[in-house]
Each structure stands twice: as structure tokens, then as C-alpha cells.
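Here's the structure we're looking at; comments come further down.
The values are calculated or read from the model by the stated rules, or taken from the named source; none is laboratory data. Everything numeric here is computed off the predicted structure, so don't read it as measured data. Methodologically, a virtual Cβ is constructed for each residue, glycine included, from the backbone with ideal geometry; neighbour enumeration extends over all protein chains shown.
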Amino acid sequence: MRFEQRLVSHWLLTAGVGVGGALALPGHSVAAVEGPATSAVDRQSLDDAWWTGPILAAGAGTLPQGHALVEPYLYDVIRYGRYDRDGDERSASRTHSYGSLTYILYGVTDRFTAGLIPTFGYNDVSDGRDSSTIQVGDVSLQGQYRLSQFREGSAIPTTSLVIQHTLPTGKYDRLGENVNDGIGAGAHTTTLSLYSQYYFWMPNGRILRSRLNVSYALSDDVDVEDVSVYGTTAGFRGTASPGDVLTINSAWEYSITRQWVFAMDLLYQRDSSTRLSGTAGNAERIDEDFGSAWRFGVAPAIEYNFSGRIGIIAGARWFAAGRNTSATITPVVAVNMIY
């Protein structure tokens with residue numbers, strides 16, 4: 001069970017991310033500096049639309065050379081149940097996994113953006129010990145190369161290839177008497193993603209911005225000792241093999257006014273089975289297969305943009321269906337700042 005909770009928190013980072021997310025989670029936006037805008041009669045011009053980005057789907061645009069983006073996220077993964085192997089929702093003890101992650105990105109060239117994504121977390125549980133303190137989570141390095149650029153009147157979207165590597169800097173094993181101090185996965189994880197972004201004009205002339213991101217994450221094997229996020233106990237020695245993760249994220253943003261935007265993410269994620277093998281403290285052999293899992297989530301949000309370079313977004317991600325996974329709702333707030 002603890003391992004499942006760690007996957008949910010880790011996913012918020014890597015899915016968009018996370019991290020995407022993440023919560024990744026998150027949809028950082030550079031649309032305000034994506035290129036020249038062309039006004040059109042009876043419809044909103046691109047330079048009249050300001051964006052922060054949806055909660056989960058990251059943007060396909062890259063930063064102009066020499067510009068930076070900083071976007072901190074605060075979230076609370078609230079587990080209120082779980083979806084069993086048949087997809088039926090069951091009750092479960094309530095937990096709160098408070099966390100933060102921050103996109104720190106820099107435009108190396110107009111086509112290539114590099115970045116760092118640190119995370120922190122704290123677990124508050126109803127049936128055990130809370131985290132002893134705020135914990136440092138896993139850190140991700142990211143590179144994004146833009147393949148194409150949207151131009152008004154063209155059918156070609158903005159597209160980017162993204163490579164993200166997560167370093168196992170967070171605690172995950174040898175947790176002593178407090179398993180809730182573990183917020184890392186212990187694995188080196190490489191995520192390959194293709195991001196795309198396009199603009200549509202609605203019949204009333206307002207802009208609808210769409211994103212479609214597809215990601216695939218692969219992790220190496222993890223050496224595990226004693227109490228860990230994989231559900232092991234004192235004396236265990238062995239290896240965990242996290243399963244690959246496929247994430248498909250479709251997002252839509254409607255420009256209500258220049259400052260106000262409504263955003264909606266639709267997300268599907270499928271996890272291959274994670275395996276655990278080793279020996280317990282009494283030398284008993286342990287070979288466990290956690291089984292594959294999937295989840296479908298929605299994440300409505302509202303954005304307010306103070307300018308084309310500073311905006312705030314607030315919303316929530318809800319896993320509305322799934323199999324062999326937690327049932328959670330995650331309130332999220334983030335601030336997007338481009339320099």
C-alpha cells in the first residue's frame with residue numbers, strides 16, 4: 001500500500017512532468033513568447049490571449065534563448081479509497097501527501113530548453129505515524145528540443161521532443177520505524193515524451209488552445225534494504241523492478257478574457273507490473289508481483305494571468321476510474337513566471 005502511494009506522488013512529477021506529473025504534474029507555459037501573433041477580423045488575436053498552462057500537460061513551446069521560467073507547485077494528494085483489481089472502488093484510510101515541485105527552466109537556444117525540477121514532500125496519515133519532517137524528494141533533469149512551430153493559418157502544431165531523467169535523491173528504504181519518511185522511488189527513471197500544441201478559434205472568436213502529450217517512462221532496478229516504500233520490513237534484502245509507465249495527456253484551455261482562462265486536463269496512465277524479490281529477515285524467500293495498473297483522471301482548473309509573463313492557476317486532479325490503484329483527489333496551485 002505504501003508503495004502505491006509513492007507511485008501516485010511520484011507520478012504527479014513525471015506525468016507532465018511531472019511531474020510531468022507532475023502533479024507530472026504540471027503544465028508550464030511559454031505561449032506568451034511563442035512567436036509573432038497575427039490579428040484576425042472578428043476573432044481574438046494571439047497576442048490578446050495570456051496563458052499559464054493547464055495543471056498536468058506541459059507546453060510544447062521552448063523558451064527564447066536567454067529567458068528563464070520558474071514555476072513552483074503546491075499540492076495535496078488526498079487518498080480516500082482505492083480501485084481494486086476489478087476496477088471497483090473500495091474504502092481506504094485517508095492520507096494526505098503534501099508536496100511541492102518547481103520547474104526551473106532556461107532557454108539555451110531558441111529551440112532547446114534545459115531545466116531542473118526539485119521536489120519536497122510530507123505525509124500525514126490517519127492510521128500511522130506522519131513524516132518526521134519535510135523530506136527532500138527525487139530530482140529531475142530535463143531537456144526539450146522544439147521540432148516545429150505553430151503559425152496561424154497552418155495545420156502544423158508546435159511539437160517538441162522531451163527527455164527527462166529522475167535521480168533517486170529521496171528516501172525510499174532503510175526508513176527505520178517510520179515508513180512515511182519515504183517519498184522517493186529509489187530508481188533512475190528516464191522519460192521520453194512527445195509534446196504537441198495547437199490553437200483553434202471558436203465560433204465566438206475566442207481561442208481554444210489544445211495540447212496532446214505522450215510519455216513513456218523506464219526505470220532501472222532498485223536495491224532495497226529493510227523498511228521501504230515497496231512494503232518491505234526490517235531485515236529485508238533484495239531488489240525492486242519498477243514497471244514501465246505510459247501516459248497520455250490531452251489538455252484544453254479556453255480564453256474567457258485576456259486574463260481569465262478555463263483549463264481542463266484528461267489523462268490516461270498505464271503502469272506495467274512492479275516486481276519485488278529478495279529475502280526477509282528470517283531468510284524466507286519473497287517474490288511479489290504488484291500487478292499492472294491503470295487510471296483515468298480529469299483536472300479542471302482556472303487561470304488568472306497578471307501579464308503575458310506572470311500567471312497563477314488553481315484546480316484539482318481527480319482519478320475518476322482505475323484498476324489496482326489509489327482513488328485520490330489532488331488540489332493544486334501554481335505560479336508561472338517567465339523572465
Within segment 275-304, restricting to residues that are more than 30 Å from TRP260 (Cα to Cα) and among the acidic types (Asp, Glu), the one that is farthest from the chain's Cα centre (by Cα) is GLU284
Check segment 203-210 and report whether any residue there is under 23 Å from GLN269 (Cα atoms), among the charged types (D, E, K, R) and under 17 Å from the mean Cα position of the chain (by Cα). no
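Give me a count of the residues in segment 125-146 that are in a strand (DSSP E or B), modelled with pLDDT of 95 or more and farther than 20 Å from THR190 by Cα.
Residues flagged as in a strand (DSSP E or B), modelled with pLDDT of 95 or more and farther than 20 Å from THR190 by Cα within segment 125-146 amount to 1.
For (1) exposed (fewer than 15 other Cβ atoms within 10 Å of the Cβ); (2) in contact with a strand residue (DSSP E or B) (Cβ under 7 Å, 6 or more places away or on another chain); (3) part of a strand (DSSP E or B), each residue gets a yes or a no:
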{"position": "ARG211", "(1), (2), (3)": "no, yes, yes"}
{"position": "LEU218", "(1), (2), (3)": "no, yes, yes"}
{"position": "ASP223", "(1), (2), (3)": "yes, yes, yes"}
{"position": "SER228", "(1), (2), (3)": "no, no, no"}
VAL77 meets each of (1) within 23 Å of LEU141 (Cβ to Cβ); (2) hydrophobic (A, V, I, L, M, F, W, C); (3) modelled with pLDDT of 95 or more with one exception, condition (1)
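This table checks each residue for (1) surrounded by fewer than 19 Cβ atoms within 10 Å (Cβ to Cβ); (2) modelled with pLDDT under 95.
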{"site": "ASN282", "(1), (2)": "yes, yes"}
{"site": "ARG285", "(1), (2)": "yes, yes"}
{"site": "ARG295", "(1), (2)": "no, no"}
{"site": "VAL298", "(1), (2)": "yes, no"}
{"site": "GLY315", "(1), (2)": "no, no"}
{"site": "ALA320", "(1), (2)": "yes, no"}
{"site": "ALA327", "(1), (2)": "no, no"}
{"site": "VAL335", "(1), (2)": "yes, no"}
Selection from segment 184-198 of residues in a loop (DSSP other than H, G, I, E, B) and at negative phi yields GLY184, ALA185, ALA187, HIS188
**Request:** Test THR247 against the criterion of being within 24 Å of LEU147 (Cβ to Cβ), in contact with a His (Cβ under 9 Å, 6 or more places away or on another chain) and surrounded by 15 or more Cβ atoms within 10 Å (Cβ to Cβ), and give yes or no.
**Result:** no
Picked from segment 147-170 (must be under 19 Å from the mean Cα position of the chain (by Cα) and not in a strand (DSSP E or B)), the residue surrounded by the fewest Cβ atoms within 10 Å (Cβ to Cβ) is THR169
Being touching a Ser or Thr at 6+ places or on another chain (Cβ under 6 Å), among the polar types (S, T, N, Q) and within 25 Å of TYR80 (Cα to Cα) narrows SER148, SER131, SER126, SER140 down to just SER126
- Query: Is there a residue being on the phi > 0 side of the Ramachandran plot and out of contact with any Lys or Arg (no Cβ under 7 Å at 6 or more places or on another chain) anywhere in segment 199-222?
  - Reply: no
Checked segment 258-284 for anything assigned to a strand (DSSP E or B) and hydroxyl-bearing (Ser, Thr, Tyr); matches are TYR268, SER277, THR279
Note on segment 52-90: residues part of a loop (DSSP other than H, G, I, E, B) and either more than 24 Å from TYR268 (Cα to Cα) or acidic (Asp, Glu) (or both) are THR62, LEU63, PRO64, GLN65, GLY66, HIS67, ASP84, ASP86, ASP88
